[in-house]
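What follows is a set of notes on a single structure, which appears directly below.
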Amino acid sequence: MAYAHAFRPAKRLACASALAFACPALAADQFKQAADGSSIECAVSARELTRFALIDDQFASVSKISSGTPYNDFAVTNEPLRGDIYVSVPETFAARSISFFATTRKGFVYKVACRIEQIPAVQVFITNPAIARNMAADWEKETPITASAVRLIQAMADDRSVEGFEVRQLAAPPARVGDLEVQLIADYRGSSLAGKVIRIANRGKENVTLAERDLAPAGALAVAIVSPVLAPGMSTTAFVVGANGEQGQ
């Protein structure tokens, strides 16, 4: 029993070893970005199902050429509840790739061209930036632009996602401005609005009073500071909203 335990290698180490025999392929989810009418390249499983899922959209129909012989044709099944599609390839399929056109319920058309690989069941997630921009534009139009800027600050203060906005959590190093240490920690990007979450720390020996005008760049629509008065060693969070594309990166 002692020998059996000693020669039982870890699976990951065995796969990394140049002396190891063929190791099973590991399939990772695939994430693709596409525009209307563009091509999506991916890999599908040769023996198991491949799931295609749209983010904030659903597949409505699929168009492909049929070979007329089931043993030499791949199958596409549309799952009506979620709007996903599943692709299966028979063992007798001769080609090394598949292709089809897919139409979505929001009116986009994609050409899907995928290699057939010896991988386990896999998922392909597809995003279209135009959908997010449209969703953000709808959110922004619910109220006048200045009111939308205030709503965005409230969302950032509550650490909430906003429909259609791209949210990036950043790890940028802090910059020193006199006795203040300033660090950008989050960035919200919508259709016409952009918001920034900024951490400010007082590294000096005296109290510092922050004013909104000190943080607002030209064209800023709304600014809020959680604690304007900073004692030595204390920090606070500020929120700045302006027009998308006009704020500093």
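Laboratory data are not the source of any read-out in this text; all were calculated from the coordinates shown. Predicted, not measured: the structure shown is a model, and the values here were computed from it. Heads up, the Cβs are rebuilt from the backbone with ideal geometry, glycines too, and the neighbour counts pull from every protein chain shown.
With r as the distance between the Cβ atoms of Ser192 and Ala171 and R0 = 22 Å, compute the FRET efficiency 1/(1 + (r/R0)^6) and round to 0.05.
0.25
Given points 7 Å out from each Cα along the Cα-Cβ axis, report the Phe125 to Asp138 separation in nanometres with one decimal.
With each label point 7 Å from Cα toward Cβ, the separation is 2.1 nm.
Can you give the longest stretch of the chain with no exposed loop site, where a site means chymotrypsin sites (Phe, Trp or Tyr not before Pro) in a DSSP loop (not H, G, I, E or B) with at most 13 other C-beta atoms within 10 Å? Please list the in-between numbers first.
On the way: sites that count: Phe7, Phe21.
Longest gap between qualifying sites, sites excluded: 22-249.
Within 10 Å of each residue's Cβ, count the other Cβ atoms and sort Arg51, Arg96 from fewest upward.
Ordered from fewest to most neighbouring Cβ atoms within 10 Å, Arg51, Arg96 come out as Arg96, Arg51.
HN-Hα J couplings of the range 137-142 from phi, Karplus 6.51/-1.76/1.60, θ = phi - 60°, integer Hz, Gly and Pro as x?
So the J values, rounded to whole Hz, are 4, 4, 4, 5, 7, 5.
Rounded to whole Hz and in sequence order, give me ³J(HN,Hα) for the range 30-42 from the Karplus expression 6.51 cos²θ - 1.76 cosθ + 1.60, θ = phi - 60°, writing x for Gly and Pro.
Along the range 30-42, the couplings run 10, 10, 10, 10, 9, 10, 4, x, 8, 9, 10, 9, 7 Hz.
What residue among Gly68, Gly107, Gly190 has the largest mean-square fluctuation in a Gaussian network model of the chain, using Cα springs under 10 Å?
Comparing Gly68, Gly107, Gly190 in a Gaussian network model of the chain, the most mobile one is Gly68.
Quick one: order Met234, Met135 by neighbouring beta-carbon count within 10 Å, fewest to most.
So the ranking, lowest neighbour count to highest, is Met234, Met135.
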